[in-house]
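K.L.:
Let me give you the structure first, and then I'll get to my questions.
The values are calculated or read from the model by the stated rules, or taken from the named source; none is laboratory data. None of these values were measured; they are calculated from a predicted model. Please note: Cβ atoms are built from the backbone with ideal geometry, for glycine as well, and neighbour counts cover all protein chains shown. Side chains are part of the model used for accessible areas, which takes the heavy atoms of the whole protein and leaves out ligands, DNA and RNA. Shrake-Rupley method; radii C 1.70, N 1.55, O 1.52, S 1.80 Å.
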Amino acid sequence: MSGPLTCSVSDLSAMLGPNTTAAAEYICGQLGTVNNKFTDAAYAVDNTYLLFSSYLVFSMQIGFAMLCAGSVRAKNTMNIMLTNVLDAAAGGLFYYLFGYAFAFGGSSEGFIGRHNFALRDFPTLTSDYSFFLYQWSFAIAAAGITSGSIAERTQFVAYLIYSSFLTGFVYPVVSHWFWSPFGWASPFRSAEDRLFNTGAIDFAGSGVVHMVGGIAGLWGALIEGPRRGRFEKSGRAIALRGHSASLVVLGTFLLWFGWYGFNPGSFTKILVPYETGSSYGQWSGIGRTAITTTLAGSTAALTTLFGKRLLSGHWNVTDVCNGLLGGFAAITGGCSVVEPWAAIVCGFVAALVLIGCNKLAEIVQYDDPLEAAQLHGGCGAWGLIFVGLFAKEKYLNEVYGATPGRPYGLFMGGGGKLLGAQLVQILVVAGWVSATMGTLFFLLKKLGLLRISEKDEMAGMDMTRHGGFAYMYYDNDDESHRAIQLQRVDPGSPFPRLVTPPRV
């Protein structure tokens, strides 16, 4: 809304004539009541919009679960599904106790928040419960990214420890730096205090969410080492394919759907006019953001389709799904401040970044079952650079507040200051996550809490750690299928019994 309605009894009574003070008081009182109703309605609409966006982002957890399940071998399905459930559950508790306070609870010299632990003295004048729910759904998304990198070989206790630490401390500190009004690199600070007079622009989290989750997963996978059988002694890569392309596609579509809460929802409000009395306002920016998100993902998917066809000779649906998600991860940082045509450029380059990172991973024998570090870390970093090149001045002023002389995209004529701020963000996010999560995974390894035994890994964690398989299924290329119990019916009994198949 453009502002509250105002009414002065003295001014109104002068216009009405003598002896009309009572009438003026009555009219002003009624106008005040109407104004309060409009204000209440605006708060209700904005909070409902943010709650709905929170539900969309949370639904991405279903997408993560399906994508992860389809990308691992059948013998580890229950394990990866359980870790996705616990990312949300453990993240909910630790973000409530510590994470939100570290992210948005005031500040200690721009580094970390220090108020609202366990939502004490909450809600505030600037934040309501819907805002907490929305931010929690982002925190658990970062944890879900990491779980894919270390899938099929990680002890269950390690998942619990890293997920709690990431959502309760590591991620909140990064979100404080770039999203809190008090963060040292925040674009919401006063103009004279901003990094390079602009602050780092990361609207919905190419760096804050995707790089954090991707780099954490990178260190986890590096310290654990590749899955057994992933690389031959000669260094040649062996594909350990996921067991269900159907689940991968289902998960991808669910993530696509949820991204419309992730990116457009990051406005947090919808009733904000950009031009008073016109049809152009924040609702227009929200629609544009949904379009840029769609175009970046679609372009990345098509580029990956034809790029992988040229490299491998196949039309691979899993590669296309990952390319699509890489485009989304890249556009997330600048989705609200770029033109739709620029989003196509973003998606095209994101696909090339993903293909290049995957090729590099094979060369250095890095194993990431979901390509999470390459997809979220690599494409997220490109997304931040993209903002520094293509951010439009008009959109920056609409989304972040009008500031005379605000730096904007280099290729749009805005100079190099914004690009410099984006590069600083890439460096500090990579350094912070490496120092914290790299150290954590190293300590877990030294304590014997990180990787499962070779025997358990070959047999599959569903059987050895979770009491049975998700389905009656075995991988044809997996020697452990000889030990799998298949259910067969005894001809002499109406009840099924379990027998072990003979060696073949």
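K.L.:
Checking the condition at pLDDT below 95 and open to solvent by less than 50 Å² (accessible area, probe 1.4 Å), which residue from Gly235, Gly213, Gly217 passes?
P.N.:
Only one candidate qualifies: Gly235.
K.L.:
Of the numbered conditions (1) under 18 Å from Ser59 (Cβ atoms); (2) not in a helix (DSSP H, G or I), Ile270 fails exactly one; give the number of that condition.
P.N.:
The failed condition is (1).
K.L.:
Continuing with this model, one more query. Determine, yes or no, whether His243 is out of contact with any strand residue (DSSP E or B) (no Cβ under 6 Å at 6 or more places or on another chain), more than 15 Å from Ser336 (Cα to Cα) and open to solvent by 50 Å² or more (accessible area, probe 1.4 Å).
P.N.:
Taking the combined requirement at face value, the residue does not satisfy it.
K.L.:
So, one more: For residues that are surrounded by fewer than 24 Cβ atoms within 10 Å (Cβ to Cβ) and in contact (Cβ under 8 Å) with a residue 40 or more places away in the chain, tally how many sit in region 102-117.
P.N.:
6
K.L.:
What's the number of the only condition in (1) within 30 Å of Tyr159 (Cα to Cα); (2) open to solvent by 40 Å² or more (accessible area, probe 1.4 Å); (3) part of a helix (DSSP H, G or I) that Lys394 fails to meet?
P.N.:
(1)
K.L.:
Among the residues of region 166-180, are any over 16 Å from the mean Cα position of the chain (by Cα), over 30 Å from Met66 (Cα atoms) and touching a residue at least 24 places away in the same chain (Cβ under 8 Å)?
P.N.:
Yes, there is a match, as at least one residue in region 166-180 is over 16 Å from the mean Cα position of the chain (by Cα), over 30 Å from Met66 (Cα atoms) and touching a residue at least 24 places away in the same chain (Cβ under 8 Å).
K.L.:
Now for a separate question. Cβ-Cβ below 9 Å, separation at least six or inter-chain, first residue in region 321-337 and open to solvent by 10 Å² or more (accessible area, probe 1.4 Å), second of a type in the set (D, E, K, R) and outside any helix (DSSP H, G or I): which pairs?
P.N.:
Asn322/Glu371
Residue-wise test of (1) open to solvent by 40 Å² or more (accessible area, probe 1.4 Å); (2) outside any helix (DSSP H, G or I); (3) at negative phi; (4) among the acidic types (Asp, Glu).
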{"residue": "Ser127", "(1), (2), (3), (4)": "no, yes, yes, no"}
{"residue": "Ser130", "(1), (2), (3), (4)": "no, no, yes, no"}
{"residue": "Ala158", "(1), (2), (3), (4)": "no, no, yes, no"}
{"residue": "Thr167", "(1), (2), (3), (4)": "no, no, yes, no"}
{"residue": "Val174", "(1), (2), (3), (4)": "no, no, yes, no"}
{"residue": "Gly183", "(1), (2), (3), (4)": "no, yes, yes, no"}
{"residue": "Phe188", "(1), (2), (3), (4)": "yes, yes, yes, no"}
{"residue": "Ala200", "(1), (2), (3), (4)": "no, yes, yes, no"}
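K.L.:
Could you check region 343-370 and list, in sequence order, the residues that are touching a residue at least 40 places away in the same chain (Cβ under 8 Å) and more than 11 Å from Thr304 (Cβ to Cβ)?
P.N.:
Across region 343-370, the qualifying residues are Ala343, Ile344, Val345, Cys346, Glu362, Gln365, Tyr366, Asp367, Asp368, Pro369, Leu370.
K.L.:
Picking from Glu457, Glu479, which residue would you name as being among the acidic types (Asp, Glu) and modelled with pLDDT of 80 or more?
P.N.:
From the options Glu457, Glu479, the qualifying one is Glu457.
K.L.:
Next question. In the list Gly415, Gly468, Gly438, which residue meets the criterion of being open to solvent by less than 20 Å² (accessible area, probe 1.4 Å) and over 16 Å from Phe156 (Cβ atoms)?
P.N.:
Unique residue meeting the criteria: Gly438.
K.L.:
If you go through region 137-156, how many residues are crowded, with 23+ Cβ neighbours inside 10 Å and either in contact with a Ser or Thr (Cβ under 8 Å, 6 or more places away or on another chain) or β-branched (Val, Ile, Thr) (or both)?
P.N.:
13
K.L.:
Which one of Leu427, Leu443 is surrounded by fewer than 12 Cβ atoms within 10 Å (Cβ to Cβ) and in a helix (DSSP H, G or I)?
P.N.:
Leu427
Table: residues versus (1) more than 27 Å from Arg194 (Cβ to Cβ); (2) free of Cβ contacts under 8 Å to residues at least 40 places away in the same chain; (3) not basic (Lys, Arg).
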residue	(1), (2), (3)
Met78	yes, no, yes
Leu86	yes, no, yes
Gly91	yes, no, yes
Asp121	yes, yes, yes
Ser130	yes, no, yes
Tyr134	no, no, yes
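K.L.:
Still on this structure, please answer the following. How many residues does region 401-412 contain that are of a type in the set (Phe, Trp, Tyr) and surrounded by 20 or more Cβ atoms within 10 Å (Cβ to Cβ)?
P.N.:
1
K.L.:
Output the residues belonging to region 275-307 that are open to solvent by 50 Å² or more (accessible area, probe 1.4 Å) and either part of a helix (DSSP H, G or I) or in contact with a helix residue (DSSP H, G or I) (Cβ under 8 Å, 6 or more places away or on another chain) (or both).
P.N.:
Of everything in region 275-307, those that are open to solvent by 50 Å² or more (accessible area, probe 1.4 Å) and either part of a helix (DSSP H, G or I) or in contact with a helix residue (DSSP H, G or I) (Cβ under 8 Å, 6 or more places away or on another chain) (or both) turn out to be Trp283, Ile291, Leu295, Leu302, Phe306.
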